[in-house]
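A.B. asks: One structure, pasted below without further comment.
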Amino acid sequence: MREVGGQTIQMFVQRCSLAPKSCRNLVLTLRMMWKSAKAWDYVSHDPFEGLVLPKVVRQARFFFTLDEIQRIIAAASGPLKSFYWLAAETGMRAGELCGLRIEDVDLGQCFVNVKQSVWRGKLQTPRTANSIRQFAISQKLASHLRAYLSTWRPNRLNLVFATKNGTPWDQNLETEAAPAARIPRDSALRASCIPTHKREPDGQAQCTHEDTPGAIRTRSRIEPPAWHLHSRRCGR
């Protein structure tokens, strides 16, 4: 490690073929390793001083319009219809939808709870406490989910969406329900004027509005009873 200098790190960055953000993440990992090595007296110099990193260029995010989402949901069938509808109303990530369990769905109170997610076919717990949250859904979606779950086939993981073998859907792979189409990215399914809701520690809800495709999110705090007002609007 003593032979690793600033030139070596800079050459690594210049030759990195990954996206700028991924390259920066690699350098961050190297910095953490170097910090430990320095604390243990393996090295004494800092090869990261003066390092030039690639600039991250922010790109406009793609969103389906409200009309496009309604047409997607109307054209879908089977479990994919439920999947897309939940994504549109709640704004849940695709991995969180894939990890949704029967016990996480409260159709009586019209809520769904996020307690786990799927990444590359594996179940995982949320990385932060803020990732555990609750979303309101419309009465119309709740009725649809009741009909869907009436024909739901049990699986060992008790997942709402599972393959014939009982394994989780993978948000990055084709599903048995739609062998010719991939699951759309969850961010694209957050239509304009459809808010997402998150429970705050003090019992209030945080509502995220995406007023226009690619718009900056604006957050407003609303009381829990208002969750259903928003979800009913989404379910029209």
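The values are calculated or read from the model by the stated rules, or taken from the named source; none is laboratory data. None of the values given here were measured: they were computed from a predicted structure. Please note: Cβ atoms are built from the backbone with ideal geometry, for glycine as well, and neighbour counts cover all protein chains shown.
A.B. asks: Report the residue count in the stretch 20-74 for those that are in a loop (DSSP other than H, G, I, E, B), under 20 Å from the mean Cα position of the chain (by Cα) and free of Cβ contacts under 8 Å to residues at least 60 places away in the same chain. Even if it seems obvious, please write down each step before you answer.
C.D. replies: As a first pass, look at the stretch 20-74 and keep what is in a loop (DSSP other than H, G, I, E, B): 40-65.
Filter once more, keeping what is under 20 Å from the mean Cα position of the chain (by Cα): 58-65.
Going one step further and asking which of them are free of Cβ contacts under 8 Å to residues at least 60 places away in the same chain, we end up with 58-59.
Matching residues across the stretch 20-74 total 2.
A.B. asks: Out of the residues in the stretch 96-143 meeting the condition of being touching a Cys at 6+ places or on another chain (Cβ under 7 Å) and assigned to a helix (DSSP H, G or I), tell me which one is farthest from THR167 (Cα to Cα).
C.D. replies: Applying the filter and picking the extreme gives GLN139.
A.B. asks: Against the definition (under 30 Å from ALA136 (Cβ atoms) and surrounded by fewer than 16 Cβ atoms within 10 Å (Cβ to Cβ)), how does ARG31 come out, yes or no? Before the answer, list the steps.
C.D. replies: On the way: under 30 Å from ALA136 (Cβ atoms): no; surrounded by fewer than 16 Cβ atoms within 10 Å (Cβ to Cβ): yes.
Against the criterion (under 30 Å from ALA136 (Cβ atoms) and surrounded by fewer than 16 Cβ atoms within 10 Å (Cβ to Cβ)), ARG31 does not qualify.
A.B. asks: Still on this structure, I have one more. Would you confirm, using the coordinates I've provided, whether ARG2 is charged (D, E, K, R), closer than 29 Å to PHE135 by Cβ and at pLDDT below 95? Spell out how you get there, then give the answer.
C.D. replies: Values: charged (D, E, K, R): yes; closer than 29 Å to PHE135 by Cβ: no; at pLDDT below 95: yes.
No; evaluated as a whole, the condition is false for this residue.
A.B. asks: Is it the case that some residue within the stretch 70-90 is outside the structural domain of GLN7 (by TED's automatic domain parsing), buried (at least 16 other Cβ atoms within 10 Å of the Cβ), among the aromatic types (Phe, Trp, Tyr) and in contact with a Gly (Cβ under 9 Å, 6 or more places away or on another chain)? Full working, then the answer.
C.D. replies: Initial filter on the stretch 70-90 (outside the structural domain of GLN7 (by TED's automatic domain parsing)): 70-90.
In the following step, the residues that additionally are buried (at least 16 other Cβ atoms within 10 Å of the Cβ) were identified as 72-73, 76, 79-90.
Filter again for among the aromatic types (Phe, Trp, Tyr), leaving 83-85.
Now restrict to residues that are in contact with a Gly (Cβ under 9 Å, 6 or more places away or on another chain): 85.
Yes, there is a match, as at least one residue in the stretch 70-90 is outside the structural domain of GLN7 (by TED's automatic domain parsing), buried (at least 16 other Cβ atoms within 10 Å of the Cβ), among the aromatic types (Phe, Trp, Tyr) and in contact with a Gly (Cβ under 9 Å, 6 or more places away or on another chain).
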